Amino acid sequence: MVVLVFGLLVAIVAPAIGRYTEDLNLKGAVDQMANAVRLTRDRAMATRIQRTVHFEAGVSGTDYHAVDASGAPQGGWKLPRGITYAWLPGTIDSVTVTPDGRCNVSGLVILRAVHGAQDTVSVLTSGLVLTQ
Ligand SMILES: [Zn+2]
């Protein structure tokens, strides 16, 4: 009886814990991505050289990476396991930051967890990078 109750509890609680962990990963992923874009912007302004972030999964062991104006790599980052891009209307696959701190596009980068939850990084031409 105790074993049965315990088994039922695990069956009920385990998926909730998995989902909770995924939600934390999703939140962490958008925060990390926003920080990476902000860092890239800071570096573009500090070096007076434009930089571009490409949102491309599985390139050289990264899921998004920065390049300078000559295309030289300037760092890369990975998404947590189970977090992928959601290529919905309004999403962008790259953003270029000019030395004045402005972005060439306004758009969204939407990340999705396995169970379907989504979170968004918003990039504005003003250079503002927001999470929602
Ligand atoms: Zn690239």
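The values are calculated or read from the model by the stated rules, or taken from the named source; none is laboratory data. All of these numbers come straight from a predicted model, not from anything done at the bench. When we count neighbours, we look across all protein chains shown, and the Cβ atoms used for this are built from the backbone with ideal geometry, even at glycine.
Numbers at a glance
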| read-out | value |
| --- | --- |
| Restricting the stretch 44-63 to residues that are outside any loop (DSSP other than H, G, I, E, B) and in contact with a Ser or Thr (Cβ under 6 Å, 6 or more places away or on another chain), the residue that is farthest from the ligand (Cβ to nearest atom) | Arg51 |
| Sole exception among (1) among the aliphatic types (A, V, I, L, M); (2) at pLDDT 95 or above; (3) farther than 30 Å from Tyr20 by Cβ for Val121, by number | (3) |
| Given (1) surrounded by fewer than 18 Cβ atoms within 10 Å (Cβ to Cβ); (2) part of a helix (DSSP H, G or I); (3) within 14 Å of the ligand (Cβ to nearest atom), index of the condition Ala36 fails | (1) |
| Residue in the stretch 11-32 that is assigned to a helix (DSSP H, G or I), touching a Lys or Arg at 6+ places or on another chain (Cβ under 8 Å) and without any contact (Cβ under 8 Å) to a residue 60 or more places away in the chain present | no |
| Those strands (runs of 3 or more DSSP E) lying entirely in the stretch 64-132 with at least 1 residues of a type in the set (A, V, I, L, M) | 64-68, 83-85, 94-97, 107-113, 118-123, 129-131 |
| Single condition Arg41 does not satisfy, out of (1) under 23 Å from Val114 (Cβ atoms); (2) away from the ligand (no atom under 16 Å from the Cβ); (3) surrounded by 12 or more Cβ atoms within 10 Å (Cβ to Cβ) | (1) |
